[in-house]
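Below is one structure, written out as structure tokens, with a few remarks after it.
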């Protein structure tokens, strides 16, 4: 029972240890699944889409659990469409395209491919709408009637655009567009 309590504490469920599993939230059920998987001290975990449908707090908590596990000589095979899950937990990754390995390496290695091709610009509605037709926009933030956008382009896409620091999501979009020829615009 000590091992069970230790694992429940590790995944943040010790205070609800008496609750029936069907009464737990989606995030709690995922954390319970991790605790169950860890009972035998496995060296390998295979996890499919672990943070889909979780609220931001649960997603961060789950990523932290996976990150802690990866530091304890546990190999984690993570299948996900959520790029943030990869950059938060993985040292090595592979990206599949139509069942084939399209990229294999570190997240940083993939990010290095996009350096110099991520741009940030703040524009009014009309200018932003014109730009997003031409370039894949990775993120937008509305700011006082304007749009702060980060986008991918081989060359400076607008006179006011500045070079932005890339992350794995930028690298994914760049890789899909420029190396696999999949249009995301």
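Here are some notes:
- Just so you know, in the range 154-176 the residues that are more than 27 Å from residue 90 (Cβ to Cβ) and touching a strand residue (DSSP E or B) at 6+ places or on another chain (Cβ under 7 Å) include one that is surrounded by the most Cβ atoms within 10 Å (Cβ to Cβ), and it is 161.
- Hits in the range 35-44 - residues which are free of Cβ contacts under 8 Å to residues at least 12 places away in the same chain and either in a loop (DSSP other than H, G, I, E, B) or surrounded by fewer than 13 Cβ atoms within 10 Å (Cβ to Cβ) (or both): 40, 41
- At least 1 residues being touching a residue at least 24 places away in the same chain (Cβ under 8 Å) and farther than 25 Å from residue 81 by Cβ is the threshold, and among the helices (runs of 4 or more DSSP H) wholly inside the range 103-185 those reaching it are 125-134.
- When we screen 47, 111 for residues that are surrounded by 13 or more Cβ atoms within 10 Å (Cβ to Cβ) and farther than 22 Å from residue 170 by Cα, the only hit is 47.
Residue by residue, here is whether (1) assigned to a helix (DSSP H, G or I); (2) in contact (Cβ under 8 Å) with a residue 40 or more places away in the chain; (3) farther than 23 Å from residue 174 by Cβ holds:
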{"residue": "15", "(1), (2), (3)": "yes, no, yes"}
{"residue": "22", "(1), (2), (3)": "yes, no, yes"}
{"residue": "33", "(1), (2), (3)": "yes, no, yes"}
{"residue": "52", "(1), (2), (3)": "no, no, yes"}
{"residue": "87", "(1), (2), (3)": "yes, yes, no"}
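- Yes/no for residue 82 being more than 30 Å from residue 40 (Cβ to Cβ) and out of contact with any helix residue (DSSP H, G or I) (no Cβ under 6 Å at 6 or more places or on another chain): no
Values quoted throughout were computed directly from the atomic coordinates according to the rules given, and no laboratory measurement underlies them. Predicted model only: the values in this text are computed from it and were never measured. Every residue, glycine as well, gets a Cβ built from its backbone with ideal geometry; the counts of neighbours run over all protein chains shown.
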